[in-house]
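Bear in mind that the values in this text are calculations on the coordinates, not laboratory data. This structure is a prediction, so every number in the text was calculated from the model and none was measured. Note that we place each Cβ from the backbone using ideal geometry, even for glycine, and neighbour counts take in every protein chain shown.
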Amino acid sequence: MGLSMPSRSGPMRLHDTQRSGNAWKVRLLAGFTGRALERRTLSIDKGDLKAPEFSAVSRFRQVPVLELEDGRTIVESAAILFFLAQGTSWWPDDSAERVDVLTWMSFEQSRHMHPLAQLRLHRSLHPSRPVDPRDVAEWECKASQALAFLEERLSQAKDGEWLATVHHPSIADIALYPYTRLARMGHIDLDGLPHVRDWLSRIEKLPNYTALFPGRLELNESTSEI
Ligand SMILES: N[C@@H](CCC(=O)N[C@@H](CS)C(=O)NCC(=O)O)C(=O)O
């Protein structure tokens, strides 16, 4: 797939892959805020992310990447969410709430996303790929612990409250949503986490929610590209 990167003008463009949970965060926020994003969907399996042209787009050779109208790029889902949320209710005005949003987003990157993403990858997306069982055991332990922290926080939230904010969901809810939603693909059970399940469905009922495969909520846990 060609990835030429001249400076350009046009709508913002999201470089993603079809099943990337990190890129899904960006598409969710764009949907909720009514912002048009062009998609350039790459394939990890076909080696698009290893192509030399992709290093000009993404300094860490990963998706998501947000390419701005003038050709500059932003990498890392948290940075992209922060950028797109400015001037919207998804980034709160209150400084204590901002601190909480950043706390949960940092938690997601350091303790939540990686073990859940690895379990999904090895148990559902690429089950025949060799993996060290000790790694799997560690991811299971870390994933369960991260979800238990999320359940604890959500069990304390008063009626209508969100993860880090009171009156309106924030980019912390978006950051934590995809890999929690996809946890079952890594054989992590959500049955004992009623507040987490309730929070997931509240997010899915928000206006302009974007499914992983747009318009196909039932395919959120699909193991194949469509
Ligand atoms: N910390 C990064 C993680 C991004 C990430 O893990 N991207 C995955 C897809 S979800 C990727 O590009 N994997 C391919 C690779 O690492 O080669 C973020 O939050 O954006």
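Treating the beta-carbon of each Lys and Arg as +1 and of each Asp and Glu as -1, no other charges, what is the dipole magnitude of segment 95-218 about its Cα centre, to the nearest 20 debye?
340 debye
With Kirkwood's inverse mean 1/r over C-alpha pairs for Rh, give me the Rg to Rh ratio of segment 12-85, two decimals please. Each step should come with its number before you reach the end.
On the way: Rg = 11.4 Å, Rh = 12.2 Å.
Expressed as Rg/Rh, it is 0.94.
Average projected area of the Cα convex hull of the chain, in nm²?
On the way: hull surface 50.4 nm².
Average projection, Cα convex hull of the chain: 12.6 nm².
State the answer as a single residue: which of Asn22, Gln145, Tyr177 lies farthest towards the positive end of the charge dipole of the chain, with beta carbon charges of +1 for Lys and Arg and -1 for Asp and Glu, about the Cα centre.
After comparing all options, I get Asn22.
For Thr41, enumerate residues with amide H under 5 Å from its amide H, sequence gap 5+ or separate chain, H modeled in the peptide plane.
Answer set, sorted by chain and number: Asp16.
Given bins 5 angstrom wide, list per bin the percent of all Cα-Cα distances in segment 109-170, short to long.
Reading the bins upward from 0: 4, 17, 20, 18, 14, 11, 9, 6, 3, 0.
Check the straight Cα-Cα distances from Lys205 and name the lysines below 30 Å, setting aside those fewer than 8 residues away within the same chain.
Cross-link targets: Lys25, Lys142, Lys158.
For segment 175-191, just list the computed ³J(HN,Hα) in residue order, Karplus coefficients 6.51, -1.76 and 1.60, θ = phi - 60°, integers in Hz, with x standing in for Gly and Pro.
4, 7, 5, x, 6, 6, 4, 9, 4, 4, 5, x, 6, 9, 7, 9, 4
When the dipole is taken about the Cα centre of the chain, and only Lys, Arg (+1) and Asp, Glu (-1) are charged at their Cβ, what size is it in debye, to the nearest 20?
On the way: 28 positive and 30 negative charges, 129 e Å.
Dipole about the Cα centre, nearest 20: 620 debye.
Can you list residues from other chains, or at least 5 along the same chain, whose modelled amide H is less than 5 Å from the amide H of Gly71?
Distant-sequence amide H within range of Gly71: Arg8.
For the ranges 92-98, 132-138, 184-190, 19-25, what's the packing order if you count other beta-carbon atoms within 10 Å of each residue, average per peptide, and put the highest first?
Packing order, densest peptide first, comes out as 19-25, 184-190, 92-98, 132-138.
How big is segment 95-218 on each of its three principal axes, counting only the C-alpha atoms and giving the largest first in Å?
45, 31, 24
Please arrange Val57, Val99 by counting, for each residue, the other beta carbons lying within 10 Å of its beta carbon, fewest first. Mind dumping the intermediate values first?
On the way: Val57 22, Val99 12.
In increasing order of surrounding Cβ atoms, one gets Val99, Val57.
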